[in-house]
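Presented below is the structure to which this report refers.
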Amino acid sequence: MQNFERGNLLAAECPSRDVLRRLTGRWGMLVLWALSGGPQRFGGLRKRIGGVSERMLAQTLQGLETDGMVLRRDFGTVPPHVEYELTPLGQQAAARVGALLDWIEDNLPSIARNWPES
């Protein structure tokens, strides 16, 4: 395990950009937001996050798990029972992401006024 100091997102080679990509990608933000309500199973997450494919959800969860944001809990039962939940680090990230997503929803009418008419 490497010991890192504070990241520098503006530096091209900084590994914090990988975290940024996984965290702020379209699905990463929505997964964090969806899990902020508590642990959920894969199928429940997929239903809650409209439009996400099974493959993209699995990749997103794996990336967030790699970064220590999401905990995957396998209950070792047949049929399989697996739940996903936010870690303390993930809860911190979800709070910040949630603030941005709330802002977008609250300001959507103002934002949409700037879109070209079709």
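Just so it is clear, none of the values below were taken in a lab; they were calculated from the coordinates. These numbers come from a predicted model, not from an experiment. For neighbour counting, all protein chains shown are included, and Cβ atoms are generated from backbone atoms with ideal geometry for every residue, glycine included.
Scanning residues 5 or more positions from Arg41 or on other chains, those with amide H under 5 Å from its amide H are Tyr84, with H placed 1.01 Å from N in the peptide plane.
For region 2-88, applying the loop criterion from DSSP together with a ceiling of 14 other beta carbons within 10 Å to the chymotrypsin sites (Phe, Trp or Tyr not before Pro) yields Phe4, Phe75. Per-residue ellipticity at 222 nm computed for the chain from its helices equals -17000 deg cm²/dmol, with DSSP H segments shorter than 4 residues left out and the rest contributing -39,500 (n - 2.57).
Among Glu83, Glu13, a tally of other beta-carbon atoms within 10 Å of each Cβ gives an order, fewest to most, of Glu13, Glu83. Relative contact order of region 9-89, taken over Cα pairs closer than 8 Å and 6 or more residues apart, is 30 percent. Listed by Cβ neighbour count within 10 Å, with the fewest neighbours leading, Ser118, Ser36, Ser110 appear as Ser118, Ser110, Ser36. What trypsin sites (Lys or Arg not before Pro) in region 65-118 are in a loop by DSSP, with at most 12 other Cβ atoms within 10 Å of the Cβ? Listed in order of number, the matching sites are Arg113.
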